[in-house]
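Heads up: the structure comes next, in structure tokens.
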Amino acid sequence: MGYAVIVKIGKPVSFRNQKAVSGIVRSTAEMKQEAFASSSDHDEVCGDVDVTNVSKILDKHNEDTGGLITILEEIQAEYGYLPEEALRIVSDRSQRSLVDVYSVATFYHSFSLKPRGKHLVCVCLGTACHVRGAPRIVEELKQQLGIKPGETTPDKEFSLETVNCLGACALGPVVVIDGHYFSKVRKSRISQLLAEARKGFDSVEIGKDKRIFPITVNCPHCNRSLMDETFAIDGYPSIKVHITHNREESWLRLSCLYGSHNIAAEMNIPDNTVVKFHCPHCGVEMPSESDCSMCGSPMVPMLVDGGGAVKICSRRGCKNHMLDVV
């Protein structure tokens with residue numbers, strides 16, 4: 001969950017009813033051949049993995065039905081990727097087959113089995129993007145970065161990946177860098193995008209950048225305002241919501257500036273953790289109508305005054321946000 005009301009794109013975009021398949025599902029036979037040999041005995045430290053840390057994560061979610069994704073999210077937040085040793089421990093301690101653990105780890109694009117670079121570059125190779133020149137974009141990135149899809153530059157600065165679909169077919173070719181969408185990308189623009197990534201897409205000047213503007217939002221269930229005049233962020237009223245995580249409830253306030261990632265939170269939420277949003281007035285959980293095209297987590301909608309909606313990924317750290325206007 002990025003907690004910011006923003007997605008930076010080359011041009012204004014409207015996303016509707018999307019559910020992208022970002023990972024590659026391997027056959028059971030392939031996974032059995034590639035899955036790590038199971039082991040029931042582990043030292044307290046397996047390679048770079050602390051068995052005690054992984055065990056604590058498992059114990060915290062031992063009552064969750066189908067909580068494998070949450071477990072893997074927290075392990076990746078701890079190590080930056082999913083180490084082989086950690087997956088073995090999850091399989092042994094949770095009594096899940098290693099094939100099941102491995103299949104989840106390879107299905108979702110947000111998971112990685114090896115360390116990623118500081119900046120993640122994804123290129124959509126879906127049919128619409130493909131016919132509009134996406135393969136040429138990939139070749140240009142390979143040349144400029146000196147790596148192939150699935151690899152990371154030696155300086156750990158960039159990782160390059162391709163995905164099957166991002167659900168934005170009318171905007172192809174689409175490139176996503178660090179959660180920021182860029183539409184109708186051409187080869188001539190690649191060097192500029194990489195330079196901006198090195199500088200930081202979030203390095204914006206509030207008050208000077210015309211891409212940043214305030215919005216007012218309401219609860220999608222009771223339609224009451226979520227704006228908090230008593231708590232300012234970026235000099236504007238903040239957006240107040242309640243969140244729940246591990247059966248604990250706390251408040252969260254977001255910047256109302258479309259273009260700012262600033263937040264204030266009562267509870268520390270680890271990166272890659274999915275939380276539930278609730279209206280502070282009616283208490284109802286804000287319903288998700290679509291999943292994040294980057295990580296598969298629920299997108300939380302809020303009604304925008306004047307028409308439309310903003311959708312925020314519920315995974316902490318994911319910057320995939322959408323603004324639909326009418």
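The values are calculated or read from the model by the stated rules, or taken from the named source; none is laboratory data. Nothing here was measured: the structure is a model prediction, and the numbers come from that model. In this analysis, Cβ positions are derived from the backbone assuming ideal geometry, glycine residues included, and neighbour counts consider all displayed protein chains.
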| task | Mind listing just one residue for me: the one in region 145-163 that is crowded, with 16+ Cβ neighbours inside 10 Å and out of contact with any His (no Cβ under 9 Å at 6 or more places or on another chain) and, of those, farthest from PHE107 (Cα to Cα)? | result | LEU145
| message | Being over 20 Å from ILE312 (Cα atoms), surrounded by 20 or more Cβ atoms within 10 Å (Cβ to Cβ) and either modelled with pLDDT under 90 or in the same structural domain as ASP291 (by TED's automatic domain parsing) (or both): is that true of VAL241 here? | response | no
| query | Just for region 78-100: of the residues that are touching a Lys or Arg at 6+ places or on another chain (Cβ under 8 Å) and in a helix (DSSP H, G or I), which one is surrounded by the most Cβ atoms within 10 Å (Cβ to Cβ)? | reply | VAL90
| For ARG247, which of the numbered conditions (1) surrounded by fewer than 16 Cβ atoms within 10 Å (Cβ to Cβ); (2) at negative phi fails to hold? | (2)
| query | Filtering region 274-326 down to residues that are among the charged types (D, E, K, R) and touching an Asp or Glu at 6+ places or on another chain (Cβ under 9 Å), which residue is modelled with the highest pLDDT? | reply | LYS276
| said: Only one of GLU139, GLU157 is modelled with pLDDT of 95 or more, farther than 21 Å from CYS295 by Cβ and of a type in the set (Asp, Glu). Can you tell me which? | reply: GLU139
| request: Would you be able to say whether some residue in region 266-280 is free of Cβ contacts under 8 Å to residues at least 24 places away in the same chain, over 16 Å from the mean Cα position of the chain (by Cα) and either surrounded by fewer than 20 Cβ atoms within 10 Å (Cβ to Cβ) or under 26 Å from PHE111 (Cα atoms) (or both)? | output: yes
| task | Hey, could you check region 164-174 for residues that are in contact with a Cys (Cβ under 7 Å, 6 or more places away or on another chain) and aliphatic (A, V, I, L, M) and say which is surrounded by the most Cβ atoms within 10 Å (Cβ to Cβ)? | result | VAL174
| note | Looking across region 101-143 at residues that are aliphatic (A, V, I, L, M) and not in a helix (DSSP H, G or I), the single one that is nearest to the chain's Cα centre (by Cα) is LEU120
